[in-house]
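Notes to accompany the following structure.
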Amino acid sequence: MTPTLQLFLIVSATLFSIGLLAVLSRRHAIFILIGIEMMLAAANLNFIAFWRFSPHPQSPTGVMVAIFSIAIAAAEAAVGLALVIAVYRHYRTTNVDQLDQLKG
Amino acid sequence: MNNIAFVAVAILTLAAALAAASLPKLIHAALSFAMTFVGVAAFFFLLGAEFVGLVQVFVYVGAVAVLIVFTILLTRRDVEDTGGPNWGGAIIAIAVFGGLLWAILKAQTLAIAALPIEPLTVKRVGDVLMTDYVWPLQCVGLLLTAALIGALILVMEEKR
């Protein structure tokens, strides 16, 4: 008895929803970035699971997509955290509720 | 790939993810975040993608978690998440989870077991990366360079 594809998809859907919960309910900018990273990890888990359970697992397409996706997520994290630091310098806060200068 | 390892890794990953999404102190949440990514890497090992699992540990637990901790320490003034829980966000997240779960459980073609494969070696990954995927690889290199230069420019001290 081994886990089926469905179980992996359920785990990654749960991880995605927890990431979405962190993005939507937290007010601290770094938490929002953490939530986005979790959602990206859930997508990577789906890529690897679909590759492993596909009828032709010999061509490593899913693995390649996951590797590139990890690289892009790393670039996104670097720029996002730099933005958090730049915003903190200007406004002395990282609470996204207080960053409302552009609000009409 | 057996059930006990799967259940153990799933519980570890999801518990760490919930902790990262709900702990009020930033540093605790960042450490739970690192734990979540160790769990995701363990899933990659279970699925036979050892190289991706190692990359995940290097990039997330090694680099991104350290970056997040540094950012928390540089923005020290508010280290706790203030304000009550946001129920609207929780309702949306639960609705999305329900929709995904319904779709996954409804598709009967997804209830399949994995075919046995020969292990994916790092040599094979390198071969494919340098032949079929050489242009995406160059583009990702360019993107990483641009992102790092952009991050440096963003955090540089402004001349007054």
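Averaging over every viewing direction, what projected area does the convex hull of the Cα atoms of chain A cover, in nm²? Present the calculation step by step, with values, prior to reporting the outcome.
On the way: hull surface 33.6 nm².
Averaging across all directions leaves 8.4 nm² for the Cα convex hull.
If you take the square roots of the eigenvalues of the alpha-carbon gyration tensor of the stretch B:121-160 and sort them as a ≥ b ≥ c, do you get rounded (a/c under 1.5), prolate (a/b over b/c) or oblate? Could you put the intermediate results ahead of the total?
Values: a/c = 8.80, a/b = 3.67, b/c = 2.39.
Because a/c hits 1.5 or more and a/b exceeds b/c, the stretch B:121-160 counts as prolate.
Subtracting the Cα-Cα distance of B:I94 and B:R76 from their residue separation scaled by 0.36 nm leaves 3.3 nm.
Taking 8 Å as the Cα distance limit and 6 or more residues as the minimum spacing, I'd like the relative contact order of chain B as a percentage.
In percent, rounded to a whole number, it is 18.
Across the stretch A:43-78, the residues whose backbone nitrogen lies under 19 Å from the label position 7 Å along the beta-carbon direction of B:L54 are A:48, A:60-71. For the pair the stretch B:23-56 / the stretch A:60-99, the C-alpha centres are spaced 17 Å from each other. Within 10 Å of the Cβ of each residue in B:4-14, the mean number of Cβ atoms contributed by other protein chains is 3. Between the beta carbons of B:T121 and A:V79, assuming R0 = 41 Å, the FRET efficiency works out to 0.75 to the nearest 0.05.
Only helices at least 18 Å long along their own axis, judged from Cα atoms, and with Kyte-Doolittle mean hydropathy of -1.0 or greater: name those in chain B from DSSP H. Mind dumping the intermediate values first?
Details: long enough: B:3-22 (28 Å, 2.14); B:26-46 (30 Å, 2.10); B:87-106 (28 Å, 1.82); B:134-155 (32 Å, 2.21).
Qualifying helices, which must be both long enough and hydrophobic enough, are B:3-22, B:26-46, B:87-106, B:134-155.
Every number here is computed from the coordinates shown, using simple stated rules; none is lab data. If you're wondering where the values come from, they're calculated on a predicted model, not measured in any experiment. Cβ coordinates were reconstructed from backbone atoms using ideal geometry, including for glycine residues, and neighbour counts include every protein chain displayed.
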